[in-house]
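Heads up, the thing below is written out as structure tokens.
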Amino acid sequence: MKRGVRLLAILAVLLVAAGALVWHHNFNDGVDVLAPAPAMAPAEKTARVERGAYLARAGNCAACHTTRGGTPYAGGRAIETPFGTVYGSNLTPDPATGIGRWNAAEFWRALHHGRSKDGRLLSPAFPYTSTTQVTRADADALFAYLQSLPPVVQSNHPSALRWPYNTQAALAAWRTLYFRPGASSGGPADPARSAEWNRGAYLVHGLGHCAGCHTPRNALGATDNSADLAGGLIPMQNWYAPALNRASEAGVADWPLADIVQLLKTGQSPRGQVTGPMAEVVQHSTQHLSDADLGAMAIYLKSLPPAGEAAKPAPAAVGTIKLGRGAKLYENHCAQCHGDQGEGVAGAYPALAGNRAVTMAQATNLVQTVLHGGFAPATAGNPRPYGMPPYVLVLNDADVAAVLSHLRTSWGHAAGEVTELDVNRVRASTGDGR
Amino acid sequence: MMRAMAKHPASSWSGLPAALALSLGLCAGALATPKFEDTIAQRTLACTACHGEQGRAAPDGYYPRLAGKPAGYLYHQLLNFRDGRRHYGLMTRMVDPLSDAYLLEIARYFSALDVPYPAPQPASVPPAVLQRGQTLARQGDAQRRIPACVQCHGTALTGVAPDIPGLVGLPRDYLNAQLGAWQTRQRQAHAPDCMAQIAQRMDADDVTAVAAWLAAQPVPAPAKPASTLPAPPPATGGERWRCGSAPAVEAAQALTGVKP
């Protein structure tokens, strides 16, 4: 009996201590949201707003904070997650429905600590795990820009997350496990490296929030820091964001710097072109960045420590009937643009022979592309892109599996087979725009 | 981001399964240009794969023709798909990464094409239904305040430049689906949305009749849209229409002295 009481007492103390730790981790960030903002000359203010507009592009904030066809930054876009749906919030300065009553310190606290104006913990669907790297000066510029927008009256859509993900307690526990605030100084991440490298690291890991897609997530939706930029399946979308540190996927260690810059600037390069969600990123974000910033990102991406290529067992041989069918389909539907030998047409249709997007272990992007076709993003550097027809109504699952298996075993490729199931999974889960 | 393909034909798209089956041949056979050329035709092969060679989709499928339609109308539709006023996943994904300038170029390209159209499919509805369709299209129904199609879409129903579409040369299933979508607000245009108001005054029999009649009309050669709106016939009760995507309608009514 006595022993039981003692155990209970120890347990209670441990619980209180854990609670205090969780509270401390989540709510003791020390941001003084009541501190008055320093006065500023008008010219300085204008420059800050312009800087903020540029940074908002770098962060592609409008992508989630704008609904299709809606006023930019007025919120409303539904973002589906494995835990339910969240909605981008209104960032325009309307006092009642937007962030008109926020101050710069509260905005900084949201980016840096993931807390709302009233102190509530925010859902990490808002990528504060990345924006926590943003410097106070950049956060202030972003805030100044958002406050300069015309206010739009548009109420925020309450999020529809399932229990327990919709509770503050779950968020507090999640954050204790997976969220560490960045350095407030925003100083160089690695003083031994060049200023460009550090600038690139800052953009990639901060506002760029590349890890949001390119880093794998665990069952609780947290990005795995031990596998930084090592490639991940984008939740709910069935697109795979390839590894940026792997030569067999989207690593750029051996690319000329200019080609990386060109890819981010125009969506196209001699070494490949962007598709799917990355096309949206280029269109709305990276094409608007300065050559200096794109160059810095390229320098950083080139320097990523290469992931070892796991020795793969040779893929099982694909049946000759399936391959014959794939070859015939290729001739009928693909060869006209991509060429008999998968050579493509420079600047218009990507080569398929030797293309990593074709031979990558994950074939989901290939299935997406064949089913839905589409255009490369229209950018200042490639304003009139060529398009690919959708085949979702033309080819059945077996056809798509056959033609993709043909691609993955032709021209010296030794990538695995694509099965009907692989195709069906994408077909069943995709549909209209967003 | 993407919902199931099977979902996006909304309830109003009743004719879709059959229409899709019909359209398979159309999509599959469309890529016929043998050599690469740096032309707008080459750049828009993604469009013509479904909308037919030179954008000349035949009325036996599901897809609307593009060739010869007013440029302003085509441009607005591309924007409507991109900006969420029209809903068809394949189209939305197609135009999503494209700029206003490029969409306008594409619209102008298809609009400028002057191609002959094949004869329409014969109507498969009873003559009385067809007659009802013709009456609606040519005279409207004054009692129920439904204007005649010709009042805005031109006497020849080939549309009016630059913003009002032609109604001939379109598949019956497509016409049915569009009128249904206007009724349920699945399809929208810039406010004030005149076509939504008109469609909501029509019942299911009206839609069937007018779609059957329109789909059975030949596309006149040339299929060019008219350059001015016809004077509204008195049978419509002189109602004044305001169309956000076709400002010319109101202007023309002002010129012809129609009173609200």
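We did not get these values from a lab; they are worked out from the coordinates using the rules stated. Since this is a predicted model, take the numbers as computed values, not measurements. Cβ atoms come from the backbone with ideal geometry, glycine included; neighbour counts cover every protein chain shown.
So how tilted is helix A:397-409 from the main axis of chain A? Cα-based, degrees 0 to 90, rounded to 10. It is inclined by approximately 80 degrees. Note on B:Ala251 and B:Arg145: with the Förster distance fixed at 30 Å, the Cβ-Cβ geometry gives a FRET efficiency of about 0.90. Rounded to the nearest 0.05, the FRET efficiency derived from the C-beta distance between B:Ala101 and A:Leu257 at R0 = 25 Å is 0.25.
Computed on the Cα trace of the protein assembly as shown, the radius of gyration divided by the Kirkwood hydrodynamic radius gives Rg/Rh = 1.02.
Between A:Ala17 and A:Arg101, 0.36 nm times their residue separation minus their Cα-Cα distance comes to what?
Numbers: separation 84, 0.36 × 84 = 30.24 nm, distance 3.58 nm.
Separation in residues times 0.36 nm, less the Cα-Cα distance, equals 26.7 nm.
Note that the range A:148-161 has calculated 3J(HN,Hα) couplings of 7, 6, x, x, 10, 7, 8, 5, 6, 7, x, 6, 10, 8 Hz, one per residue in order, obtained from phi through the Karplus relation 6.51 cos²θ - 1.76 cosθ + 1.60 (θ = phi - 60°); glycine and proline are x. Compared with the dominant principal axis of the Cα atoms in chain A, helix A:104-113 is inclined by about 60°.
Using unit Cβ charges (K, R positive; D, E negative) and no other charged atoms, how large, in debye to the nearest 20, is the dipole of chain A about its Cα centre?
On the way: 35 positive and 30 negative charges, 236 e Å.
Computed about the Cα centre, the dipole is about 1140 debye.
Roughly what percent of Cα-Cα pairs across the range A:107-231 reach past 21 Å? Summing the P(r) of the range A:107-231 above 21 Å gives 47 percent of all pairs. Here's how it looks for A:Ser269: its modeled amide H is under 5 Å from none belonging to a residue 5 or more places away or on a different chain.
Computed extension length for A:Gln168-A:Met40: 42.4 nm, one decimal, from 0.36 nm per residue of separation with the Cα-Cα distance subtracted.
Rounded to the nearest 20 Debye, what is the dipole magnitude of the range A:195-302 about its Cα centre when Lys and Arg each give +1 and Asp and Glu each give -1 at the C-beta? Please list the in-between numbers first.
On the way: 6 positive and 9 negative charges, 17 e Å.
That gives a dipole near 80 debye.
Available extension along the chain between A:Phe27 and A:Ser148 is 40.6 nm, counting 0.36 nm per residue and deducting the alpha carbon span.
Looking at the range B:135-238, the trypsin sites (Lys or Arg not before Pro) that sit in a DSSP loop and have at most 15 other Cβ atoms within 10 Å of their own Cβ are B:Arg145, B:Arg185. Classify the range B:127-255 from the C-alpha gyration tensor, please: rounded if a/c falls under 1.5, else prolate or oblate depending on whether a/b exceeds b/c. It comes out rounded by the Cα gyration axes. Toward the positive end of the charge dipole of the protein assembly as shown, with +1 on the Cβ of Lys and Arg and -1 on the Cβ of Asp and Glu, the farthest Cα among B:Ala246, A:Gly52, B:Ala142 is that of B:Ala142.
Relative to the longest principal axis of the Cα atoms of chain A, helix A:420-429 runs at roughly 40 degrees.
Highest mean first, the peptides A:10-18, A:413-421 sorted by other C-beta atoms within 10 Å per residue fall in the order A:413-421, A:10-18.
Below 8 Å between Cα atoms, with a sequence gap of 6+, how large is the relative contact order for chain A in percent? Write down the numbers at each step before the final one.
Numbers: 713 pairs, mean separation 52.9, N = 434.
With pairs under 8 Å counted, the relative contact order is 12 percent.
Around the amide H of B:Ala226, modelled in the peptide plane, lie the amide H atoms of B:Thr158, B:Gly159, B:Val160, B:Ala161, all under 5 Å away and 5 or more residues distant in sequence or on another chain. In this structure, the amide hydrogen of A:Val345, modeled 1.01 Å from its nitrogen in the peptide plane, lies closer than 5 angstrom to those of A:Ala351, counting only residues at least 5 positions away or on a different chain.
The value of relative contact order for the range B:127-255, using C-alpha pairs under 8 Å at least six residues apart, is 36 percent. With unit charges on the beta carbons (Lys and Arg positive, Asp and Glu negative) and the dipole taken about the Cα centre of the range B:31-106, which residue among B:Gln42, B:Leu103, B:Leu90 sits farthest to the positive side? Final value for the positive-end residue is B:Leu90.
From the square roots a ≥ b ≥ c of the eigenvalues of the alpha-carbon gyration tensor of the range A:195-302, which class results: rounded (a/c under 1.5), prolate (a/b over b/c), or oblate? Could you put the intermediate results ahead of the total?
On the way: a/c = 1.59, a/b = 1.38, b/c = 1.15.
Prolate, because a/c is 1.5 or more and a/b exceeds b/c.
If a/c stays under 1.5 just call it rounded; otherwise compare a/b with b/c (prolate if a/b is bigger, oblate if not). Do that for the range A:281-350, with a ≥ b ≥ c from the square roots of the Cα gyration tensor eigenvalues. Judged from the Cα gyration tensor, the range A:281-350 comes out oblate (a/c at least 1.5, b/c at or above a/b). For the range A:186-336, the residue among A:Ala230, A:Tyr330, A:Leu304 whose Cα projects farthest onto the positive side of the dipole built from Cβ charges is A:Tyr330. Between A:Arg3 and A:Arg136, the simple label model (points 7 Å from Cα in the Cβ direction) yields a spacing of 5.5 nm.
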